[in-house]
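Asker: Okay, handing you the structure first.
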Amino acid sequence: MSDHPRIPIAGVIGSPIAHSRSPALFRHWFQQYGVRGHYVPLDVAPDDLETVLRTLPKAGFVGVNVTIPHKIRALEIADVISDRAALIGAANTLIFRQDGKIHADNTDGYGFISNLKQYAPGWNASSGSAAVFGAGGAARAIVASLLETGAPEIRISNRTRARADALRAEFGARIVVYDWVQAGNMIEGATTIVNTTSLGMTGKQEFRVPLDALTPGATCCDLVYTPLKTKFLTEAEDAGCTIVDGLGMLLHQAVPGFERWFGHRPEVTDGLREAVLNA
Ligand code: NAP
């Protein structure tokens, strides 16, 4: 090894990965805080994931973010797992420790809650029932974090009901499952409503759940951020709800990794949003 101090390197592993906004996000923070570091997108096939993860620390990597399709496998490969990653059953942030161990964390739930706190300041999870559309990977993090922050009841509706039933079996009695055809009824009286499906995303099917039962004043969040203002959010705003887009979650979930890898706790600002949107 050379005597020169290495500039720490982190990255994001997925496949495909070219669309990822994370490199622009980290670039903005490096510049804003004058932090020396690199952050690179890594397109890795599932069969190569373990070999790559065991090799990266030898090349100066201090950790990586993990995205589709590797979030579950990364947790299996890790040597040490945070409580919240274990609860969610997937990892999105890996820390390569000095002792050679891989530490897996999941900051998606943290990012989701921090986003709501920033952009819906009056929001309070315990104020009433939550309603969650979808029961995929992202929904697990949302449900876990809503339970942790005090939601008294979480109603879940998913096209494939068995996945929603599995969340109820795992997370317990505060979860109530609705058939997908009843998804519009599920929102009645709910104070927090979240779309965790990919419906409404550019290139995917439209979000068509009827929203007539929305309560004005409820907080509605869409995890989809392309487009930034989805049809769900537009209709929710028209119904008098507070709306929060999905970009803030992406930005906030990156905060713990940046702090851990580069030693500076960064902030999510309007300037960061602009930089990431314009990248
Ligand atoms: P996933 O595990 O593949 O789950 C996809 C979800 O969408 C499932 O509930 C699925 O239902 C539902 N869905 C897909 N097509 C549908 C259709 N035609 N009709 C009804 N439901 C449909 O994906 P994920 O990782 O949970 O991600 C979900 C979305 O969240 C994506 O748009 C992703 O980009 C976004 N996301 C955003 C952030 C952020 O930081 N803002 C973070 C994570 C994810 P079935 O179970 O029936 O297939």
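Asker: May I ask you to verify whether E259 is without any contact (Cβ under 8 Å) to a residue 12 or more places away in the chain and assigned to a helix (DSSP H, G or I)?
Answerer: Yes.
Asker: If you check V224 against the conditions, is it more than 30 Å from I7 (Cβ to Cβ), outside the structural domain of F26 (by TED's automatic domain parsing), of a type outside the set (K, R) and over 13 Å from the mean Cα position of the chain (by Cα)?
Answerer: no
Asker: Among L49, L53, L75, which is the only one that is at pLDDT 95 or above, part of a helix (DSSP H, G or I), of a type in the set (A, V, I, L, M, F, W, C) and touching a Lys or Arg at 6+ places or on another chain (Cβ under 7 Å)?
Answerer: Just one listed residue meets the conditions, L49.
Asker: State which residue is farthest from L116 (Cα to Cα) when the search covers only the stretch 208-234 and only residues that are touching a residue at least 40 places away in the same chain (Cβ under 8 Å) and within 14 Å of the ligand (Cβ to nearest atom).
Answerer: Across the stretch 208-234, the extreme among qualifying residues is V209.
Asker: Now a separate question. Hey, among R97, R161, which residue is modelled with pLDDT of 95 or more, basic (K, R) and assigned by TED's automatic domain parsing to the domain that holds L211?
Answerer: Exactly one residue qualifies, and that residue is R161.
Asker: OK, next. For V40, state whether it is surrounded by fewer than 17 Cβ atoms within 10 Å (Cβ to Cβ), in contact with a strand residue (DSSP E or B) (Cβ under 7 Å, 6 or more places away or on another chain) and closer than 22 Å to N278 by Cβ.
Answerer: So V40 passes the test.
Asker: Follow-up. Within the stretch 144-162, take every residue that is surrounded by fewer than 17 Cβ atoms within 10 Å (Cβ to Cβ) and either over 17 Å from V209 (Cα atoms) or under 17 Å from the mean Cα position of the chain (by Cα) (or both) and give me the one that is nearest to the ligand (Cβ to nearest atom).
Answerer: That would be A162.
Asker: Next up: Would you say G184 is at positive phi and of a type outside the set (A, V, I, L, M, F, W, C)?
Answerer: no
Asker: While we're looking at this one, here's another question. Here is a check on your reading of the model: is D222 under 29 Å from V66 (Cβ atoms) and in contact with a helix residue (DSSP H, G or I) (Cβ under 6 Å, 6 or more places away or on another chain)?
Answerer: yes
Asker: Across the stretch 237-274, which residue is surrounded by the most Cβ atoms within 10 Å (Cβ to Cβ) among those that are more than 16 Å from the ligand (Cβ to nearest atom), outside the structural domain of A91 (by TED's automatic domain parsing) and not acidic (D, E)?
Answerer: C241
Asker: Another question, if that's okay. Name the one entry in A104, A91, A125 that is buried (at least 20 other Cβ atoms within 10 Å of the Cβ) and in contact with a Lys or Arg (Cβ under 7 Å, 6 or more places away or on another chain).
Answerer: A91
Asker: Restricting to the stretch 86-143, name every residue that is within 12 Å of the ligand (Cβ to nearest atom) and of a type in the set (G, A, S).
Answerer: G89, A90, G109, G111, S114, G134, A135, G136, G137, A138, A139, A141
Asker: For the stretch 82-94, enumerate the residues that are in contact (Cβ under 8 Å) with a residue 24 or more places away in the chain and either in the same structural domain as A138 (by TED's automatic domain parsing) or of a type in the set (A, V, I, L, M) (or both).
Answerer: Of everything in the stretch 82-94, those that are in contact (Cβ under 8 Å) with a residue 24 or more places away in the chain and either in the same structural domain as A138 (by TED's automatic domain parsing) or of a type in the set (A, V, I, L, M) (or both) turn out to be L87, I88, A90, A91, L94.
Asker: Go over the candidates L199, L167 one by one and state the one that is in contact with a helix residue (DSSP H, G or I) (Cβ under 9 Å, 6 or more places away or on another chain), within 11 Å of the ligand (Cβ to nearest atom) and assigned to a helix (DSSP H, G or I).
Answerer: Going through L199, L167 in turn, the sole match is L167.
Asker: Name the pairs whose Cβ atoms lie under 6 Å apart, with the first residue in the stretch 130-149 and within 11 Å of L87 (Cα to Cα), the second of a type outside the set (K, R) and more than 13 Å from the ligand (Cβ to nearest atom), and 6 or more positions between them or separate chains?
Answerer: Every condition considered, the pairs that remain are V143/I154; V143/F171; A144/L87.
The values are calculated or read from the model by the stated rules, or taken from the named source; none is laboratory data. Just so it is clear, the model here is predicted, and its values are computed rather than measured. Cβ: placed from backbone, ideal geometry, glycine included. Neighbour counts: every protein chain shown.
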